[in-house]
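Structure first, commentary second.
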Amino acid sequence: MRFLAVDDAASLADTAARLVVERVTAHPTLALTVPTGATPRGLYQRLLAARAVGALDLSGASLFMLDEYVDLPGYPAGSFVAYLREHLGDLAFNSSTATHLLTPESAYDPTAYDRLLDEAGGLDLAIVGVGRNGHVGFNEPGATDDQRTRVVTLAQATLEANFPGRPAASRPTRAVTVGLADLRCARSVLVLAAGEGKGEVVRHLAEGRRLEDVPATHLVDHPDLMVVAEAALVPT
Ligand code: GLP
């Protein structure tokens, strides 16, 4: 595992962008996941900037959404596809890049997404954030290594983190997510960890300790794992 502790959100974005640009340059037709949340926002700004100066070309790549809410009231407002349209824009949504979306309809046949992953030859680069309870994508505690794309019930802790102060009626209860099986089989994995409440997860990752109830730690035995974490979260 390569564990990189960075000073702040800006260095996390710089480091992650450097790693992603390197991988895309080496393998322009790679298949990668595009996570959501606050953590990857800076990465996406850097990728757009790299594209603007000709240092990044995703036109041959396949992009895979990692997860999406299934029953989000008001969808697509607040959805992950709306997030990706906002933060990646035409870097992902253009006529050349194969961008694969998870939608509420994916819940009817999640295996269709597995077929797309298989057709791409599996993931070359799984980029994931982590939740405070250690989820990756929406693989919540209890997820197992053999699971692929499927519908999950969101953990209470996840709902509180993602919809603070929102009444139950305006929160989703379920999501569709790529499974740990595909993340673990990716040729390379890049975990980005920043933000409040993630110290414990980062400590387990830094120590290379696998805990059944902390899905992010199911990645610690991956042969090409890179973790970029805010130094404030890293045990000294
Ligand atoms: C959501 C997503 C995860 C993401 C997590 C962390 O729950 N399903 O894929 O990693 O948020 O988000 P943040 O970066 O905002 O802490």
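The values are calculated or read from the model by the stated rules, or taken from the named source; none is laboratory data. Computed from a predicted structure; not experimentally measured. In this analysis, Cβ positions are derived from the backbone assuming ideal geometry, glycine residues included, and neighbour counts consider all displayed protein chains. Ligands, DNA and RNA are excluded from the accessible area calculation, which covers all protein heavy atoms including side chains. Shrake-Rupley method; radii C 1.70, N 1.55, O 1.52, S 1.80 Å.
Out of curiosity, is D7 in contact (Cβ under 8 Å) with a residue 40 or more places away in the chain, away from the ligand (no atom under 16 Å from the Cβ), under 30 Å from T236 (Cα atoms) and among the acidic types (D, E)? In short, yes. The set of residues from the stretch 120-168 being within 16 Å of L32 (Cβ to Cβ) and assigned to a strand (DSSP E or B) comprises L125, A126, I127, V128, G129, V136.
Of all strands (runs of 3 or more DSSP E) completely enclosed by the stretch 14-77, which ones contain at least 3 residues that are of a type in the set (A, V, I, L, M)?
On the way: elements: 31-34, 62-65, 67-69.
So the answer is 31-34.
Can you confirm whether G208 is within 12 Å of the ligand (Cβ to nearest atom) and open to solvent by 10 Å² or more (accessible area, probe 1.4 Å)? In short, no.
Looking across D221, D182, one residue alone is touching a strand residue (DSSP E or B) at 6+ places or on another chain (Cβ under 9 Å) and away from the ligand (no atom under 13 Å from the Cβ). It is D182. For the stretch 169-205, what are the residues that are part of a loop (DSSP other than H, G, I, E, B), open to solvent by less than 70 Å² (accessible area, probe 1.4 Å) and not β-branched (V, I, T)? Within the stretch 169-205, R171, P172, G179, A186, A194, G195, G197, K198 qualify.
Being hydrophobic (A, V, I, L, M, F, W, C), within 27 Å of R150 (Cβ to Cβ) and within 16 Å of the ligand (Cβ to nearest atom) is the requirement here; does L12 meet it?
Working: hydrophobic (A, V, I, L, M, F, W, C): yes; within 27 Å of R150 (Cβ to Cβ): no; within 16 Å of the ligand (Cβ to nearest atom): yes.
No; evaluated as a whole, the condition is false for this residue.
Selection of the stretch 121-142 for residues being touching a Lys or Arg at 6+ places or on another chain (Cβ under 9 Å) and either surrounded by fewer than 20 Cβ atoms within 10 Å (Cβ to Cβ) or not hydrophobic (A, V, I, L, M, F, W, C) (or both) yields G122, D124, G131, R132, G134. Among the residues of the stretch 61-77, those identified as of a type in the set (A, V, I, L, M) and either at pLDDT below 95 or more than 15 Å from the ligand (Cβ to nearest atom) (or both) are A61, A77.
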